[in-house]
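Here is the structure we will look at, set down as structure tokens.
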Amino acid sequence: MTFPDWSALAVFSIAAVVLLVIPGPAVLYIVAQSVNRGRLAGLVSMLGVQTGGLVHVAAGTAGLSALLVRSALAFSVVKYAGAAYLVYLGARRLLGREDEAGTVPRERNLRRLFGHGIVVNVLNPKTALFFFAFLPQFVDVSRGSVPFQIAFLGLVFILLAVVSDGLYALVAGTAAGWLRHRRGFARGQRYASGGVLVGLGLATALSGAHRSK
């Protein structure tokens with residue numbers, strides 16, 4: 001087993017950081033949880049999302065990502081399941097069926113947030129598409145095992161995502177903490193975060209249809 005070339009790894013890391021700092025569905029989900037419940041909840045959600053990313057790394061290494069992005073049916077099933085799950089989470093928040101932001105998350109709630117994060121990212125077909133379309137560009141078949149190189153690059157990406165998304169969670173949670181004592185903030189953040197989750201779900205469902213090659 002041979003690691004990717006160091007120059008290719010450096011270029012990959014820079015490109016990955018650029019992609020990560022641009023807010024996408026995962027970042028907005030993490031920010032919404034951090035604003036809702038504080039920095040700890042945001043960080044736990046981030047760890048759940050990255051654990052879901054590990055599932056995609058394993059799938060990409062095994063070649064399952066290629067099957068997903070090349071099958072219109074499989075892609076659509078995952079896409080709509082993920083969209084429905086985000087809408088469900090947002091609707092629960094809008095209807096006030098979640099704990100208020102001012103309460104300290106209990107251990108059970110943190111486990112639930114961690115699980116939600118895993119499901120959100122596992123059911124994100126765009127993550128599978130990323131591992132199928134982006135990572136192979138930095139794989140050198142002349143250097144040995146292709147699956148090993150894909151797995152290694154995937155783990156590098158996850159580590160960079162932990163840092164980037166973790167910073168988003170900390171900043172959002174800190175900003176929400178400063179505003180939490182303002183009148184009407186609790187209700188406003190519930191509507192805002194719930195609306196973000198519902199919007200993410202609808203945007204996912206209405207995104208361009210996938211066509212098999």
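The values are calculated or read from the model by the stated rules, or taken from the named source; none is laboratory data. Small disclaimer: the values here were computed from a predicted structure and weren't measured. Note that each Cβ is placed from the backbone with ideal geometry, even for glycine, and that neighbours are counted across all protein chains shown.
Structural remarks
- Taken as a whole, the structure leaves residue 130 outside the set of residues that are at pLDDT 90 or above, under 13 Å from the mean Cα position of the chain (by Cα) and of a type outside the set (Ser, Thr, Tyr).
- Selected residue (criterion: surrounded by the fewest Cβ atoms within 10 Å (Cβ to Cβ)) from residues of the range 116-127 that are at pLDDT 75 or above and in a helix (DSSP H, G or I): 119
- Residue within the range 51-73 that is more than 26 Å from residue 138 (Cα to Cα), small (Gly, Ala, Ser), touching a Phe, Trp or Tyr at 6+ places or on another chain (Cβ under 8 Å) and at pLDDT 85 or above present: no
- One residue from 167, 202 being modelled with pLDDT of 65 or more, closer than 28 Å to residue 135 by Cβ and assigned to a helix (DSSP H, G or I): 167
- Residue list for the range 10-33, restricted to those being over 30 Å from residue 176 (Cβ atoms), under 22 Å from the mean Cα position of the chain (by Cα) and hydrophobic (A, V, I, L, M, F, W, C): 12, 14, 15
- Close pairs from the range 127-154: first free of Cβ contacts under 8 Å to residues at least 12 places away in the same chain, partner crowded, with 16+ Cβ neighbours inside 10 Å and not in a helix (DSSP H, G or I), Cβ under 8 Å, at least 6 apart: 146/139
- Enumeration of residues in the range 33-64 that are small (Gly, Ala, Ser) and closer than 23 Å to residue 129 by Cβ: 45, 48, 52, 53, 58, 59, 60, 62, 63
- Number of the condition not met by residue 178 [criteria: (1) farther than 24 Å from residue 86 by Cβ; (2) at pLDDT 70 or above; (3) among the aromatic types (Phe, Trp, Tyr)]: (2)
- Some residue of the range 129-145 being of a type in the set (Val, Ile, Thr), part of a helix (DSSP H, G or I) and loosely packed, with under 15 Cβ neighbours inside 10 Å: yes
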